[in-house]
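A short worksheet on the structure shown next.
The values are calculated or read from the model by the stated rules, or taken from the named source; none is laboratory data. This is a predicted model, so every value here is computed, not measured. Ideal geometry is used to build each Cβ from the backbone, glycine not excepted, and the neighbour counts take in all protein chains shown. Ligands, DNA and RNA are excluded from the accessible area calculation, which covers all protein heavy atoms including side chains. Shrake-Rupley method; radii C 1.70, N 1.55, O 1.52, S 1.80 Å.
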Amino acid sequence: MVKKVAIIGAGISGLASIRSCLEEGLEPTCFEKGEDVGGLWKFSDHAEEGRASIYRSVFTNSSKEMTCFPDFPFPDDFPNFMHNSKLQEYITAFAKEKNLLRYIQLKTLVSSVNKRPDFSVTGQWDVITEKDGKKESAVFDAVMICSGHHVYPNLPKESFQGLQLFKGKCFHSWDYKEPGIFKGKRVLVIGLGNSGCDIASELSHTAEQVIVSSRSGSWVMSRVWHGGYPWDMMFITRFETFLNNNLPTVISDWWYVKQMNARFKHENYGLMPLNGTLRKEPVFNDELPARILCGTVTVKPNVKEFTETSAIFEDGTVFEAIDCVIFATGYSYAYPFLDDSIIKSRDNEVTLFKGIFPPSLEKPTMAVIGLVQSLGAVIPTTDLQSRWAVRVIKGTCTLPSVKDMMNDIDEKMGKKLKWFGKSNTIQTDYIVYMDELASLIGAKPNIPWLFLTDPKLALEVYFGPCSSYQFRLVGPGKWPGARNAILTQWDRTLKPTTTRIVGSPLKPCLFCSWFRPVLISVLSIAAFLVLF
């Protein structure tokens, strides 16, 4: 009999999971609480409890060639970094093109997911849903959780002395939508992540004064990278990853900090992270340094305490007459429909094998898709996660023993703590993680073999951007158009920017893009040996 799979959420992860189920001959049923597909990217002018929420001005941080589903490129004329409405348009088009909408039940809440009494034998689940006030129960052979991790705001009010005395408005960035109501106000934004920087920069055009308070600082990167190309197409390459993971730590750290400071010196702007060598996920904001230069945004350390109308920072300075405090302090991970014993989490440490499977289940019939974070885009990650997860559910791939899975989790956690720090333990190295998943299903490109059989493609794959098409070159789900998509990715990148023709569009030189870091590394090692 065909296995029935319940998919919770019709965002990016949910759509990837539906498609993967169909590719492997499984029968998916997707439950979506909202009125449309898109999840996080479906904008609403009001925040709704239990759903992700974005502000009106959100743009993508990943470029279109790095963001797309690996067999469904964005249209040529789409901008490289898209407004949320453009990405939603693409997501809807993908769902229609792949005929996924027929498997989705909208306005349907999953209220509980429980093991059936014979779970140890069948691996089946009882799934209870609610729609229009009516409850329904159904049995599924597997469950894929695709509800995301931007749903439950983390509002650490207890961490700020005196906040209960503050008389102004106080809310989480989850509730923020647009800047109009803040005209002439004095606003304190707590948190220096993507949301905090975006909101502070946007408010600085209308508010009287904006101050950003940061406990540990952040690297702030521009979407526009060397040569004016999208940052991720120059930064996320296999060769760059090879250097970062194999150079001596002192050289690797030095090179990383140099790259982060290429646009401006973070210490001069009060943004420098406390531990600058940690590979914490950078913030992407093209405007913040300019707003700081113009004096409309000021960066301060952590808040020591609040009074009725002001905030006192740890450096002793005070921000008076505050009208509003916006907490851009991230999100908590919660699955209210699921027993806490199934997916364990402590201090952001989620104990999932490969970030997907709860290791202690008797049967591997539950998968979490889209929970990991990395510098890479979400869509390619969820596509590869769901492809492997579905093959495990189907029985084509098998999981190791519980002991081996826990050892793998512990080993990966140790590496994550070293590279990303304690507060970022669901973060992972994008290309290393993608290759690991691709290897499990036979979809990892064989680079040495490519250099022997197709050198032109091999150069793009290894030295060029690690775009999603690479993971549909071979193996199950192979896409015949993957090679051409890789060889033409720069054409689609340059088309929306070369709207006034002043010469031939210039693609980056692959040799130049990797020669520079190699030369710098060699010279640095030589200098180190001479001096020490």
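Pick from 363, 444: which is at pLDDT 90 or above, more than 24 Å from residue 143 (Cα to Cα) and not in a helix (DSSP H, G or I)? Please lay out each step first, then the result.
On the way: 363 fails: more than 24 Å from residue 143 (Cα to Cα).
Checking each option against the conditions leaves just 444.
Give the residue, chosen from 130, 136, that is over 23 Å from residue 389 (Cβ atoms) and within 30 Å of the chain's Cα centre (by Cα). Before the answer, list the steps.
Numbers: 136 fails: within 30 Å of the chain's Cα centre (by Cα).
Answer to the check: 130.
With (1) hydroxyl-bearing (Ser, Thr, Tyr); (2) touching a strand residue (DSSP E or B) at 6+ places or on another chain (Cβ under 8 Å); (3) more than 23 Å from residue 430 (Cα to Cα) as the list, and residue 497 as the residue in question, which single condition is left unmet?
Of the numbered conditions (1) hydroxyl-bearing (Ser, Thr, Tyr); (2) touching a strand residue (DSSP E or B) at 6+ places or on another chain (Cβ under 8 Å); (3) more than 23 Å from residue 430 (Cα to Cα), the odd one out for residue 497 is (2).
Given the structure, is residue 343 part of a loop (DSSP other than H, G, I, E, B), out of contact with any His (no Cβ under 6 Å at 6 or more places or on another chain), buried (at least 20 other Cβ atoms within 10 Å of the Cβ) and among the aliphatic types (A, V, I, L, M)?
Judged against the criteria, residue 343 is a match.
For the stretch 219-242, what are the residues that are outside any loop (DSSP other than H, G, I, E, B) and closer than 19 Å to residue 193 by Cα?
220, 221, 224, 231, 232, listed by residue number.
Among what's in the stretch 265-283 and is of a type in the set (S, T, N, Q) and either touching a residue at least 12 places away in the same chain (Cβ under 8 Å) or in contact with a strand residue (DSSP E or B) (Cβ under 9 Å, 6 or more places away or on another chain) (or both), pick the residue that is surrounded by the fewest Cβ atoms within 10 Å (Cβ to Cβ). Steps first, answer last, please.
Just the residues of the stretch 265-283 that are of a type in the set (S, T, N, Q), to begin with: 268, 275, 277.
Okay, now just the ones that are also either touching a residue at least 12 places away in the same chain (Cβ under 8 Å) or in contact with a strand residue (DSSP E or B) (Cβ under 9 Å, 6 or more places away or on another chain) (or both), so 275, 277.
Numbers: 275: 10, 277: 16.
Among residues in the stretch 265-283 that are of a type in the set (S, T, N, Q) and either touching a residue at least 12 places away in the same chain (Cβ under 8 Å) or in contact with a strand residue (DSSP E or B) (Cβ under 9 Å, 6 or more places away or on another chain) (or both), the one surrounded by the fewest Cβ atoms within 10 Å (Cβ to Cβ) is 275.
Listed here are the residues, each with its yes/no results for (1) under 30 Å from residue 46 (Cβ atoms); (2) under 20 Å from the mean Cα position of the chain (by Cα); (3) modelled with pLDDT of 95 or more.
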site: 181; (1), (2), (3): yes, no, no
site: 187; (1), (2), (3): yes, no, yes
site: 193; (1), (2), (3): yes, yes, no
site: 196; (1), (2), (3): yes, yes, yes
site: 200; (1), (2), (3): yes, no, yes
site: 209; (1), (2), (3): yes, no, yes
site: 216; (1), (2), (3): no, no, no
site: 228; (1), (2), (3): no, no, no
site: 248; (1), (2), (3): no, no, no
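Tell me yes or no: at least one residue of the stretch 254-261 is more than 30 Å from residue 468 (Cβ to Cβ) and either touching a Ser or Thr at 6+ places or on another chain (Cβ under 8 Å) or not aliphatic (A, V, I, L, M) (or both). Steps first, please.
Residues of the stretch 254-261 that are more than 30 Å from residue 468 (Cβ to Cβ), as a first pass: 254.
Of the ones still in play, those that are also either touching a Ser or Thr at 6+ places or on another chain (Cβ under 8 Å) or not aliphatic (A, V, I, L, M) (or both) are 254.
There is at least one residue in the stretch 254-261 that is more than 30 Å from residue 468 (Cβ to Cβ) and either touching a Ser or Thr at 6+ places or on another chain (Cβ under 8 Å) or not aliphatic (A, V, I, L, M) (or both).
A quick yes/no check of all residues on (1) open to solvent by 20 Å² or more (accessible area, probe 1.4 Å); (2) in contact with a strand residue (DSSP E or B) (Cβ under 7 Å, 6 or more places away or on another chain):
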{"site": "194", "(1), (2)": "yes, yes"}
{"site": "207", "(1), (2)": "no, yes"}
{"site": "237", "(1), (2)": "no, yes"}
{"site": "241", "(1), (2)": "yes, no"}
{"site": "253", "(1), (2)": "yes, no"}
{"site": "258", "(1), (2)": "yes, no"}
{"site": "263", "(1), (2)": "yes, no"}
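Pairs only if they're at least six apart or on different chains, beta carbon under 6 angstrom, first in the stretch 200-222 and among the small types (Gly, Ala, Ser), second in a helix (DSSP H, G or I); list them, first residue then second.
201/288; 201/291; 204/291; 207/182
What do you reckon, is residue 493 modelled with pLDDT under 95, under 23 Å from the mean Cα position of the chain (by Cα) and open to solvent by less than 50 Å² (accessible area, probe 1.4 Å)? Explain how you work it out, then say what you get.
Values: modelled with pLDDT under 95: no; under 23 Å from the mean Cα position of the chain (by Cα): yes; open to solvent by less than 50 Å² (accessible area, probe 1.4 Å): yes.
When the stated conditions are applied, residue 493 does not pass them.
Answer with yes or no whether residue 16 is of a type outside the set (Ser, Thr, Tyr) and assigned to a loop (DSSP other than H, G, I, E, B). Spell out the reasoning first.
Working: of a type outside the set (Ser, Thr, Tyr): yes; assigned to a loop (DSSP other than H, G, I, E, B): no.
Answer is no for this residue.
Does residue 147 qualify as being at negative phi and assigned by the TED database to the domain that holds residue 355?
Criteria met by residue 147.
Take residue 286 and decide whether it is crowded, with 20+ Cβ neighbours inside 10 Å, under 30 Å from residue 434 (Cα atoms) and either in the same structural domain as residue 180 (by the TED database) or at pLDDT 90 or above (or both). Break it down stepwise before answering.
Working: crowded, with 20+ Cβ neighbours inside 10 Å: no; under 30 Å from residue 434 (Cα atoms): yes; either in the same structural domain as residue 180 (by the TED database) or at pLDDT 90 or above (or both): yes.
So residue 286 fails the test.
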